Structures are given as C-alpha cells and as structure tokens.
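Colleague: Below you will find the structure I want to go over with you.
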Amino acid sequence: MLDPADEDFARDPYPYYARLRAQGDAVCVTLANGSRAWLVTGYEQTRAVLADPRFSNVPPQGAGRPKADSPAQRARALLARHMLNSDAPDHTRLRKLTTAAFAPRRVDALRPRIEVLVKGLVEEVAGRIERDGSADLVDAFAFPLPVLVIGEVLGVPESDRVALRDWTYRVGSPADALPPGAVDEAWTQLYGYFTELIAAKRRSPGDDLFSVLVHDSAEGGLDDGELLAMAFLLLFAGYETTMNLLASAALLLLSHPQELAAAQADPAARWPAIVEETLRHASPLEGTTWRRTTEDVALSDGTRIPAGASVLAVLAAANRDPAHFPDPDAFRPDRYLPTAEGARPAPHAAFGHGPHFCVGSRLARLEAQIALPLLFTTLPGLRLAADPAGLPYRPGLLVRGPRVLPVA
C-alpha cells in the first residue's frame, strides 16, 4: 500500500518508484485512502501517456473518498474546473487565454524586477542570520520570491501571500497529513478569497493578468466558474513549483560544495546546468494531475490498463529512469553542460509533456537562474544548520520539496 502522507516516503520516494519501474510500464497500487490507481514511472512511458488523448484529464465523478455535499466540496468542485482538469477543445481555449502573459518577451522583461526582489530577500536572510543565528531559507527566500513575482503578474496583493500559502499548502497535501477539516476549510477560504479578488478587479481593473481575464470574461472568454478556477490554478502553479525548485537547489548545493564552487568559477555555463539538473534530480512536481483512461489501453510492454482507471504519471520517477539518465540518483549538473560535440541529454520531464506542458516553465527557470547566483554570491559563507537527512518534506504525490531549510 502507498501512503503519500508517510514522512519517510515524502523524504525519499525514489526507491519505491524504482521498484515499480522494474515491474513494468505501469503498476496498479492501493493507496492509503482505499482507492486503486495505476502509476507510470518510466521515462518513455510517462511521455507517451501525457501525449495520448486516451488518458483524459477530466476527473471522474466521485473520485477519491466519498464525501457528503457541503460548501467546502462545492468550492473545491468549482476551483477544480481549471485547464489542467480539462481536455481539448476546452483545454485549448483556456490555455490560449494565458499564453500571452507568459510569452518569452514578457517573461524576460521581468528580469530587472526579479533581480530587485532577490536582492531585497537576500538582505533579509542575512539580517535574520545576524540577528537569530540562523534562518529558514524556505520561509525567507524560496517562498516569498515566486509569490512576489507571480503576485505582480497576476495582481494579487502582497499582504495576502501568507494566508494563500497556508491554504494552497493544505489543498495540495493529503488530508491524512493534516488535522481533520483543514483541507475543507482551505477550499472554502480560497473560494471566498478569489470571489472577492475578482469582484475587486471588476470594480478597479489594473494591467495585471487577473484584470485581463476578468475583462475577457465580460467579453465571453470565460464564465464565472472558469474565471475562479483559472485564478486558483495560476496562483497555485505560479509559486508552488518554483518555491520547491529554489529550496531543493539550495539544499543540493549546500550538500555538494564542489558543485557550488564550480558554479562560482564558471557561472555562465554552470548555473543554468544546476537549474536543469535540480529540475531532473529533485522534480518540484512529483506527479502530474490524475488521468483517467477513456478506453482499455495496452502499453508497450503489454500491460493493459482498463477503461475508467485512475492513472498517475510520476514525473519524479521518470526523471530518474536509468535507461535515459546514467547514474540517475546522483546530482550531476555537468550532464547539462554544453559539449563540443553538441550532444544533449534527454530532456527531463519536470514540466510535463504534451498539451499540458507547463505554461510557466520559462518564468520558473528565469527566477532560479537569477536567484541562486545572487544568493550564494552575496552570502558565500552560507551553510546548513540542520542534518539534511532529517528535514521534513512536502507530503503527497503532486508537489515535492523541503518544508524547511535552516541555514546559518
């Protein structure tokens, strides 16, 4: 049985995934909530599933544990109508409304603002260390940077970020890892928050993405439910993955001082390679959203997944497939360095594949490539203030990263 709330599994799920990968293209497992699901853990198989329209993104009715009707369940159902839970043509229509905001030109134009934000946060980290002797790099750096950036892109007030972090953490975690009622309360709070935010944008629009989407809604682009769901998705996806990328990269560099020294000696080549290797080695998205088979599907090894089955493509496992990544459990940024022969490693699957490839991937890379060099250049003596083997990790099968990262 797989318990996504188990602390040991959250800290190191890779041996479990390796055992599944050795058994076949997909393996049916029993989850702690009593449901059964097919996990896909190989690199080629994951990419194939994510590009195959027979694996629908539309959640089945009554998925998971049966729950009585309640305001929280209605709020969850409305906020879950986002584009990651849709197929073409709805997905195509919804995605098109966001692509302009994350176009390369607009993302690259954020560089000066990101640099200013990073410098301010590094100063805060230094101040906490000087005052208290240590600082939590997740709370002081990895979390606030992407929240500030995506908040400015979307038009979310900075004063709301702490509450939003708490609510999105809860809805992205297994209910078994939280106190009773915590997840339901978070769905209700998120629904109320975005309802009020959208009303405020209608009264006083700005030049942010939420204001644009509200205007598009008035012109027939989105209905009210889709607007709420889009607001939730863009905020959740806009900071959760980047937060985990920054925290995981910092932890890996502090645990591998030789790689940090190499990056300081050759920053132009090494920092982009560190970001790519972190995305592969410590995938911020552990798994995709759930898929559902619309018909019986035979995989390449003969495994047959029946129609109506729940299927999870595990990105973290695909990124450690030894058939495509030699020495997959090692942190080796040099695998992403340019070579004289022009050889390139297999592209990692950290941002997904196919129609649902992450629309914000360029922004996440940009933030990491700016933030990490500035952090370690400004604070060259930064060191871990806790045993990395004992750090708690985010539970669940959706997002993954250290929950705290004490440094001194």
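Colleague: Report the relative contact order of the stretch 7-407, percent, no decimals, based on alpha-carbon pairs under 8 angstrom and at least 6 residues apart.
Modeller: That works out to 28 percent.
Colleague: Expressed as a whole number of Å, what is the distance separating the alpha-carbon centroids of the stretch 1-48 and the stretch 330-408?
Modeller: Here the answer is 22 Å between Cα centres.
Colleague: Magnitude of the Cβ-charge dipole of the chain, K/R +1 and D/E -1, about the Cα centre, nearest 20 debye?
Modeller: It works out to roughly 480 debye.
Colleague: A further question on this structure: Within the chain, which whole H helices from DSSP have a Cα span along their axis of at least 24 Å and a mean Kyte-Doolittle hydropathy of 0.5 or more, if any?
Modeller: 224-255, 361-378
Colleague: Residue farthest toward the positive end of the dipole of the chain, with Cβ of Lys/Arg at +1 and Asp/Glu at -1: which of Leu398, Leu312, Leu375?
Modeller: Leu312
Computed from the coordinates by the stated procedures, all read-outs in this text should not be read as laboratory data. Since the model is a prediction, treat every value here as computed from it, not as a measurement. Positions of Cβ are backbone-derived with ideal geometry, glycine not excepted, and every protein chain shown enters the neighbour counts.
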